[in-house]
Structures are given as C-alpha cells and as structure tokens.
Amino acid sequence: MQEILVILAVSAACIFLALQFYTKFVRKDAKCEGCAVGKIQEK
Amino acid sequence: MKIALLGNPNTGKSSVFNLVTGLRQQVGNFPGVTVEKKTGTLQIEGNTYTLIDFPGTYSLYPRSKDEQVVYSVLSDNEAEDYPDLVIVVVDQSNLERNLFLFSQIYDLGLPTLMVLNMTDLAMRNGIAVDVDQLNTFFPSAQIVSTNARVGMGKERLMMAIADMANATLEKRNPIPLCPVDDVSCQEQEAEARYTFIKQIITASLSKVEKEKKASVSKLDRLFVHPVLGYIIFAAILFIVFQFIFAFAAVPMDFIDSGFAEFGNWLSDSLPTGVFSDLICQGIIPGIGGVLVFVPQIALLFFFISILEETGYLSRVVFIMDRLMRPLGLNGKSVVPLMSSVACAIPGVMATRTIADWKERMITILVAPLMSCSARIPVYTLLIALVIPKTTILGIFNVQGLVLFGLYSLGLVSALLVAALIKLIIKSRDKGFLMLELPSFKSPRWGNIGITVWEKVKVFILDAGKVILAISILLWALATYGPSESMRNNIAKAKNESKELNLTKEETNQRIASAKMESSYIGHLGHFIEPVIRPLGYDWKIGISLITSFAAREVFVGSLSTIYAVNETDDVNKRLIDKMRAERRADGTKVYTLAAGASLMVFYVFAMQCMATLAIVKRETNSWKWPLIQIGFMGALAYFGAMITFYTLS
Amino acid sequence: MSAKLSDLKNGNCATVTSIEDSSIRLKLMEMGLMPGREITVLFRAPLGDPIAIDVDGYILSLRLDEASMIQVEEHSFAFA
C-alpha cells in the first residue's frame with residue numbers, strides 16, 4: 001500500500017517538473033500582444 | 001466586466017488600486033509578454049468587476065517595453081484585456097501633463113472615469129481645480145476626487161464605477177491613434193493636444209501664485225549631495241542588510257526547529273513504511289526549506305518598497321546614473337539590480353523600463369550576479385557553520401560582515417562584468433534617462449503590506465511547488481539505487497563491522513552510509529566528485545550542487561534530505577549540527593573554513609536558477625543570452641571557488 | 001539670452017525655444033517639455049550629470065547630452 005503511494009507521489013513530482021520545464025522553455029505563447037509593437041520598434 | 005486602470009507614473013495609481021480592491025488581488029502576466037499584470041476584483045451592489053492595473057505611462061505611445069502593453073491592448077478591441085471601462089488616475093497637482101494621457105484615452109471612445117487624485121498635495125501647492133468646468137471639456141467622462149493615500153474618496157469612486165457600468169452611454173466615435181512607428185504624426189498630435197489642454201487649464205485651474213514655485217527641498221539637498229548622497233545610500237544598504245540578518249534570525253530558527261520537531265513527532269506517530277519515510281524525510285524537510293526564508297524575503301521587500309514609496313529610490317537612480325554609464329548601464333539599472341537582491345526574476349523584468357537596448361541587455365546579463373534571496377539560506381547556513389559568532393569593535397557582528405561581503409562580491413563582479421560586456425556588445429543607439437523625481441512622501445504601510453504579502457505569496461506558490469517536487473524526487477533517488485550494488489555495499493558494511501567488532505549503533509551508521517552511497521544519487525555524486533574535489537567538496541555536497549541547478553535554495557533542502565536519510569539515531573538533530581559533525585573518511589571535518597568559504601563563493605557566482613534562465617530567454621527572445629550567462633557565471637564560480645579554497649586551506 | 005539647457009546653472013530660469021529633432025523630442029513633449037514651457041534648473045547629480053529641472057511643478061531629470069538638445073531663452077532673474 002505504502003509503495004503505491006510512494007510511486008504515485010514520485011510520478012506526480014516528475015510530471016509536475018516536466019510540465020514546468022515545458023511551459024517555461026518549450027511552449028510557444030499562442031497569443032502575443034506585445035509582439036507586433038516590438039517588431040515595429042526593432043526595425 | 002473589465003475595467004482598466006491607467007495613469008502617469010507617481011500619481012498614486014497603486015494606492016487607488018489598493019483602495020478599491022483591498023486584498024482581493026492577483027498577480028499574473030499579460031498574455032504573450034512578461035509585463036506584470038495585477039488584477040483585482042471589487043463588488044458593488046452584488047455586481048463583480050475586474051480591475052486591471054496597467055503600467056504607468058505618460059502617453060499611449062510606448063517608449064519602453066513595459067509600456068507597449070498599454071498601446072497594444074487599447075489599440076486592439078479584440079485583445080483579451082480590452083476593457084469595457086477605463087479609469088484614469090490624474091495627479092491634480094500636475095494637471096497639464098496628466099491631461100495629456102487622459103485626453104488620449106478619452107478620445108478612444110471608451111467610457112472613461114477620471115480620478116482626480118492627490119487633492120492634499122494640490123491644495124498645499126495652492127492649486128484648485130474647477131471640476132464642473134473641467135467636465136465641460138470631456139462631456140462623456142465622469143470625474144471623482146480622491147486622496148487615495150489616506151483612503152479618502154473610496155465611496156465616491158465605487159459609486160461612480162457602478163454608475164458608469166450601469167449607464168448606457170451614447171457611443172462616441174473614437175479618434176484613431178497614430179501608427180506606433182509614425183513619430184511625426186505623434187508629434188503633431190502632441191502639439192494639438194497641448195493647445196487644447198492650455199484652454200482647459202486656463203478655464204478650470206486656479207493657482208495661488210506663491211513667491212516662487214520651484215525650490216529644492218531639504219531632503220533633495222541631502223540625498224544628491226556630492227559626498228553625503230553616496231554615504232547615505234551606502235549606509236541605507238548596510239543598515240537594511242544588518243537588519244535583515246538580525247531580525248529574520250529569530251523566526252527562521254523557530255521555523256527550522258519547528259519543522260525538525262514536527263518531522264520527528266510525525267515519524268513516531270505514523271505507521272512504519274516507505275510512504276511515511278517519504279513524508280518525514282522528503283516532504284516535511286522540503287516544505288520547511290521553503291518556508292524558512294520567508295522572513296528574509298518579506299523583510300527585504302519591506303525595505304525596498306519603503307524606499308520606493310517614499311520616492312528615495314528615484315534619487316538613487318539620479319545619483320547613480322553617471323557612475324553606471326561607463327559600465328554600460330543606466331541609472332535605472334539600479335532598480336533591477338536592487339530587485340535582484342530579492343530575486344533575479346522581477347529584476348530581469350524590471351529592466352523593461354530601460355529604453356536603450358544595449359543598457360538593458362547588459363543589465364539583464366549581470367542581474368543574476370546580485371545575491372538573490374534564494375542564496376540567503378545557503379549563505380546563512382554556511383556562515384553559521386564556519387564563521388565564528390563574534391563581534392569586531394564591539395558592534396559589528398562578524399557573521400553580518402561576511403554576509404555583507406558576499407553581497408558586495410556579487411555587486412562588484414556584476415559591475416566589472418558589465419564593463420567587460422560593454423566593450424563586446426555593439427550598440428545601436430544612444431540611451432536616455434528622462435526620469436521623473438516624485439515628491440517625497442511618507443510611506444503608506446497598507447501599500448507596503450500588500451506588496452510584501454504578494455511577493456511572499458508568489459514565492460511560496462511558484463518556487464515552493466518546484467522545490468517540493470524536487471525534494472520528493474531527491475528522496476526517491478537517495479532511497480533507491482541499483483539493487484546489486486546496494487546489496488553488495490550493505491553486505492560489505494556488515495562484514496566490516498563484524499570484523500572490527502563495532503557496536504550495534506556504529507554498525508547501523510555504516511549500513512546507512514553504505515545505502516546512501518549506493519543509491520542513485522550517491523552514484524551521481526561520486527560521478528562528479530573528481531570535478532569538484534579541487535573546490536574542497538565531497539560527493540554529498542556534489543549532490544546538492546547538482547540539485548540546486550534547478551534553484552539555489554534547493555541546496556539546503558537537499559542537504560536536509562541527504563543527512564536525514566543518513567540518520568540512524570532517533571533524535572532529529574538540526575541540520576547544522578549534523579553538518580558540523582560530518583567527517584571525511586580520514587576523520588577530518590568536511591565543512592572547514594576553506595570549504596565553507598569556497599562554497600559561498602561558488603554560490604555568489606553560479607547561475608543556478610531555471611526560472612531566471614527561462615525569463616532571460618523570454619526577455620531576450622533567444623537562447624544565446626541565457627547560454628552565455630550560464631557559461632560566464634559558471635566559469636566565475638568554478639575558478640573563484642577554487643582560488644578561495646586554496647588560499648584558505 | 002539664448003543658450004542650451006545643459007549650460008544653465010542651478011537656480012536659473014529659462015523658457016524652452018526649440019528641441020532638436022531627435023528620437024527623444026516626442027518623449028519630452030509627452031512629459032510636458034515643449035517650446036514655450038518655463039523651466040528652472042534645480043540641482044545636479046554629484047558628478048554634474050544628470051541635471052534635475054522643474055517642469056510645471058514636477059521634477060524631471062535629464063542627462064546632459066539630452067539637455068544639450070534643448071535650446072532655451074534664459075531669463076534675466078534667477079533665484080537661489
């Protein structure tokens with residue numbers, strides 16, 4: 001019983017960290033309101 | 001219903017925001033940009049409204065990154081945050097300049113509410129506004145007077161909001177904005193607006209002429225004095241850090257030992273088993289490791305927001321600008337660098353106020369060298385471990401001085417690195433300052449309390465979750481290992497103990513160490529040991545170094561986990577006592593002065609924060625800059641620590 | 001007497017006559033600094049740069065090279 005809980009907790013931690021990594025480093029923002037302005041200014 | 005809150009900087013916009021929303025606030029980001037978005041809710045007569053706080057600007061046309069969000073949201077009625085109603089906070093003591101932004105927003109055609117703020121200051125300056133007269137120039141707008149700093153006008157403001165929300169206003173035709181890159185169109189607009197505003201001022205403003213309106217306040221004479229100005233700034237910083245160290249120690253000790261006792265009690269009460277072990281040895285120390293430096297974060301933000309609220313911080317920008325420029329920085333870099341003392345993430349985001357690309361880039365690159373609060377637990381633990389608790393000259397706490405020294409080391413290296421980068425990066429155009437120095441005000445404790453509360457909350461929720469997940473993972477890695485090597489090592493330890501005729505307790509100690517050493521994390525620590533041996537570290541420190549690449553504060557949590565797992569006796573000793581007792585195989589202490597100092601230096605320099613890297617990547621929009629950052633900070637850390645170790649041992 | 005804003009001494013009063021065409025002109029105008037505006041130089045940072053001026057009741061700080069783009073007509077009187 002305790003082993004199952006440990007496996008659940010550890011996998012939850014792994015999934016959470018992987019998700020964090022994905023959202024912070026990989027995912028592209030779907031909407032980017034500042035981008036258009038930024039592009040014009042960088043010209 | 002969405003309500004946007006806009007206004008010039010230093011008009012008391014955040015006081016107005018706090019006045020109507022109280023503690024019902026949330027901090028997030030505007031979609032796609034990392035500009036901080038504060039939203040709050042207010043309820044009037046059963047209706048709920050969402051108030052969105054926009055960055056303070058002088059015009060709708062942006063001049064720096066954080067101001068772009070105002071233009072992009074208000075110029076696009078499809079935008080997610082496009083408001084149904086706009087509240088513009090107007091500083092009554094400076095009506096002419098404030099009306100510029102107000103008239104721009106009014107012309108967008110949205111229902112607009114003007115909050116005439118700072119009535120007290122205006123009155124003191126002999127300025128009186130004829131509100132009815134003013135209203136004739138903006139017939140569809142409502143005008144409310146408040147003095148948000150002292151909480152005056154809340155009822156009036158709430159009633160006006162409800163009024164405007166319920167009224168069906170006749171649709172005004174918006175006057176189109178100039179394109180964001182058409183400066184001559186914007187200049188023409190500006191001239192036309194000021195001609196219009198002149199008429200308004202003549203009609204609705206009466207000013208009691210004093211002998212001479214402009215004078216330099218006594219405080220300014222002091223704060224920008226050629227010698228005293230810098231001495232005062234240095235003294236303020238020094239006092240702040242001494243206070244943080246002295247005041248935070250008590251609650252930190254309390255939290256630290258509280259969690260140790262709690263873990264102890266829990267391990268007695270829970271049924272034995274691996275999940276109980278996970279709770280007592282992984283989760284509880286993990287949470288404790290996060291909460292333990294809440295007092296310091298709270299104190300640091302408490303002091304920073306006092307400096308900001310009083311208006312002193314902008315004087316610091318003013319006196320530092322000329323000194324920062326040869327280093328490729330801007331006077332405004334002082335604020336990001338100071339914020340980085342709390343956390344590099346808001347620091348990097350605060351660089352958005354720096355309009356010049358090169359000055360901004362350099363500030364971003366060196367900001368993480370400032371010692372952030374995540375390093376505080378590492379510093380405090382190591383200082384308490386290897387630095388004696390004595391005083392010099394009767395008043396200066398040596399531990400406090402070492403802490404001050406570590407912060408100074410971070411600052412000096414940040415400045416030197418900046419000067420170096422300035423020579424490398426090619427600039428596109430000249431930077432500018434153009435900063436308003438707001439009048440001095442006494443701090444409003446309510447506003448400061450809300451700021452501190454918000455920062456602590458974000459820290460506990462954001463950093464805390466990651467740290468907790470990492471400590472669970474760490475516990476698993478420290479508990480399990482390749483089964484064969486685990487079995488062999490335990491058998492070996494048992495045999496050795498039998499041959500040496502050890503007591504039962506000593507045997508258990510040996511077995512526990514053997515387990516730890518043959519766990520996954522033990523293998524990992526041993527794997528990198530050759531690399532870190534020149535710095536004076538053993539494999540256990542190596543483990544903590546690896547894990548703290550996710551976030552520095554994990555260092556302490558990892559050590560807690562490692563030493564807790566390693567424990568055989570029942571007494572849950574405090575981490576520092578365990579570390580003090582830690583011996584190498586040859587019987588010498590692990591945490592000598594040299595090794596401790598070397599670790600401190602390593603933590604001053606190393607770029608060990610995933611969250612900061614992520615922000616730098618987003619802010620610079622490329623992988624190049626965060627990679628450069630890891631590279632040069634890593635090299636500084638490794639060689640700095642090595643030199644320290646050899647000098648002291 | 002015509003001068004650059006950057007050449008004024010502390011306490012001097014002047015009226016802005018023109019601002020050099022540059023990227024900062026619009027920003028100065030938006031902050032209320034435009035031809036016709038009366039300004040007073042209040043104080044300087046310890047190394048003489050930047051300077052702080054009074055613009056219609058608020059204090060604006062400018063770097064010397066920004067101030068040198070602003071032409072002013074100096075008033076004959078000054079206050080200490």
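Quick notes on this one:
- All positions within region B:73-92 that are touching a helix residue (DSSP H, G or I) at 6+ places or on another chain (Cβ under 6 Å), free of Cβ contacts under 8 Å to residues at least 60 places away in the same chain and either surrounded by fewer than 24 Cβ atoms within 10 Å (Cβ to Cβ) or of a type in the set (Phe, Trp, Tyr) (or both): B:ALA79
- Residues in region B:592-622 that are of a type in the set (Phe, Trp, Tyr) and either surrounded by fewer than 22 Cβ atoms within 10 Å (Cβ to Cβ) or in contact with a Pro (Cβ under 6 Å, 6 or more places away or on another chain) (or both): none.
- Looking only at region B:45-74, and only at residues there that are more than 14 Å from chain C (Cβ to nearest Cβ) and among the small types (Gly, Ala, Ser), the one that is farthest from B:PRO111 (Cα to Cα): B:GLY46
- Checked against the criteria, B:CYS280 counts as hydrophobic (A, V, I, L, M, F, W, C), more than 22 Å from B:SER64 (Cα to Cα) and touching a Gly at 6+ places or on another chain (Cβ under 6 Å).
- Selection within region B:556-581 - under 21 Å from B:ALA595 (Cβ atoms), modelled with pLDDT under 60 and not basic (Lys, Arg): B:ASN566
- All positions within region B:512-539 that are part of a loop (DSSP other than H, G, I, E, B) and modelled with pLDDT of 90 or more: B:GLY536, B:TYR537
- Filtered residue count, region B:162-198, keeping only those that are among the hydrophobic types (A, V, I, L, M, F, W, C), under 38 Å from the mean Cα position of the chain (by Cα) and farther than 22 Å from B:LEU51 by Cβ: 5
- Meets criteria (closer than 22 Å to B:PHE223 by Cβ, buried (at least 20 other Cβ atoms within 10 Å of the Cβ) and in contact with a helix residue (DSSP H, G or I) (Cβ under 8 Å, 6 or more places away or on another chain)) for B:ALA374: no
- Of the residues screened, B:GLN296 is not one that is modelled with pLDDT under 85, within 14 Å of chain A (Cβ to nearest Cβ) and part of a helix (DSSP H, G or I).
- Taken over region B:264-282, the criterion of being touching a residue at least 24 places away in the same chain (Cβ under 8 Å) and either polar (S, T, N, Q) or surrounded by fewer than 20 Cβ atoms within 10 Å (Cβ to Cβ) (or both) is satisfied by B:ASN264, B:SER267, B:VAL274, B:ASP277, B:GLN281.
- Residue tally, condition in contact with a Gly (Cβ under 9 Å, 6 or more places away or on another chain), within 24 Å of B:VAL227 (Cβ to Cβ) and not in a strand (DSSP E or B), over region C:40-80: 6
- Candidates B:ARG97, B:ARG149, B:ARG172 - the one that is closer than 21 Å to B:GLN199 by Cβ, surrounded by 19 or more Cβ atoms within 10 Å (Cβ to Cβ) and touching a residue at least 40 places away in the same chain (Cβ under 8 Å): B:ARG97
So that you can scan it fast, the table gives a plain yes or no per residue for (1) assigned to a helix (DSSP H, G or I); (2) free of Cβ contacts under 8 Å to residues at least 40 places away in the same chain; (3) more than 14 Å from chain A (Cβ to nearest Cβ):
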| residue | (1), (2), (3) |
| --- | --- |
| B:GLU436 | no, no, yes |
| B:PHE440 | no, no, yes |
| B:LYS465 | yes, yes, no |
| B:ALA476 | yes, no, no |
| B:ASN495 | yes, yes, yes |
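- Filter result for B:ALA512 (in contact with a strand residue (DSSP E or B) (Cβ under 6 Å, 6 or more places away or on another chain) and under 17 Å from B:TRP475 (Cα atoms)): no
- Verdict on B:ALA469 being at pLDDT 85 or above, over 30 Å from B:VAL20 (Cα atoms) and within 14 Å of another protein chain (Cβ to nearest Cβ): yes
- Pairing residues of region C:20-43 that are at positive phi with residues that are assigned to a loop (DSSP other than H, G, I, E, B), at Cβ distances under 9 Å and at least 6 apart in sequence or on separate chains, gives C:GLY32/B:TYR58; C:GLY32/C:ASP56.
- The listed residue being outside any strand (DSSP E or B), at pLDDT 85 or above and over 26 Å from B:ASP107 (Cβ atoms), out of B:LEU19, B:LEU42: B:LEU19
- When the helices (runs of 4 or more DSSP H) confined to region B:132-238 are screened for residues that are facing another protein chain (nearest Cβ under 10 Å), those reaching at least 2 such residues are found at B:183-204, B:218-223.
- Scan of region B:386-400 for residues that are in a helix (DSSP H, G or I) and buried (at least 18 other Cβ atoms within 10 Å of the Cβ), ordered by number: B:VAL386, B:GLN399, B:GLY400
- Qualifying position, being more than 25 Å from B:GLY542 (Cβ to Cβ), more than 14 Å from chain A (Cβ to nearest Cβ) and not aromatic (Phe, Trp, Tyr), among B:ASN489, B:ASN501, B:ASN508: B:ASN501
- Filtered residues of region B:594-649 (kept if touching a residue at least 24 places away in the same chain (Cβ under 8 Å), more than 17 Å from B:ILE532 (Cβ to Cβ) and within 21 Å of the chain's Cα centre (by Cα)): B:CYS609, B:MET610, B:ALA611, B:THR612, B:ILE615, B:VAL616, B:ARG618, B:GLU619, B:THR620, B:TRP625, B:GLN629
- Residue in region B:118-132 that is at positive phi, in contact with a Pro (Cβ under 6 Å, 6 or more places away or on another chain) and surrounded by fewer than 23 Cβ atoms within 10 Å (Cβ to Cβ) present: no
- Selection count, region B:540-551, where residues are surrounded by fewer than 21 Cβ atoms within 10 Å (Cβ to Cβ) and in a helix (DSSP H, G or I): 1
- Test: residue in region C:23-30 that is among the β-branched types (Val, Ile, Thr), under 13 Å from the mean Cα position of the chain (by Cα) and either crowded, with 19+ Cβ neighbours inside 10 Å or at the interface with chain B (Cβ under 7 Å from one of its Cβ atoms) (or both): no
- When region B:593-639 is limited to residues that are among the β-branched types (Val, Ile, Thr) and modelled with pLDDT under 90, the one that is farthest from B:ARG360 (Cα to Cα) turns out to be B:THR612.
The values are calculated or read from the model by the stated rules, or taken from the named source; none is laboratory data. Predicted, not measured: the structure shown is a model, and the values here were computed from it. Counting neighbours? That spans all protein chains shown, and the Cβs are built from the backbone with ideal geometry, glycine included.
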